[in-house]
Amino acid sequence: MTNELTGQIDQLIGQIRKDFADIGPERLNRKPASGGWSAAQCLQHIRRTNEAYEPAFKRILAKDHKQELW
């Protein structure tokens, strides 16, 4: 299961890099006229969120966690 998920994540990262390869930094950092985040900010948010949750996901996949109520 872990290898399958890791493979899927690697595929997604590769696809994102491919999709955004031809978009320059100016366009990636441009915020919409209506406000909100730029594409670069959205991608950075996703990356940081994933990094924050990664240790918990690894523990869950390794079944090395205790059940907690949130």
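The values are calculated or read from the model by the stated rules, or taken from the named source; none is laboratory data. Remember, it's a predicted structure, so these values are computed and weren't measured experimentally. Backbone-built Cβ (ideal geometry, glycine too); neighbour counts: all protein chains shown. What goes into the accessible areas is simple: the full protein's heavy atoms, side chains included, and nothing from ligands, DNA or RNA. Shrake-Rupley method; radii C 1.70, N 1.55, O 1.52, S 1.80 Å.
Below are the figures for this structure:
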| item | result |
| --- | --- |
| Every residue from segment 1-25 that is surrounded by 10 or more Cβ atoms within 10 Å (Cβ to Cβ) and part of a loop (DSSP other than H, G, I, E, B) | I23 |
| Those residues of segment 26-45 which are surrounded by 12 or more Cβ atoms within 10 Å (Cβ to Cβ) and assigned to a helix (DSSP H, G or I), in sequence order | R27, L28, A39, A40, Q41, C42, L43, Q44 |
| Close pairs (7 angstrom Cβ cut-off, 6 or more residues apart or separate chains): at pLDDT 90 or above in segment 1-29, open to solvent by less than 70 Å² (accessible area, probe 1.4 Å) and outside any helix (DSSP H, G or I) anywhere | L28/S38; N29/S38 |
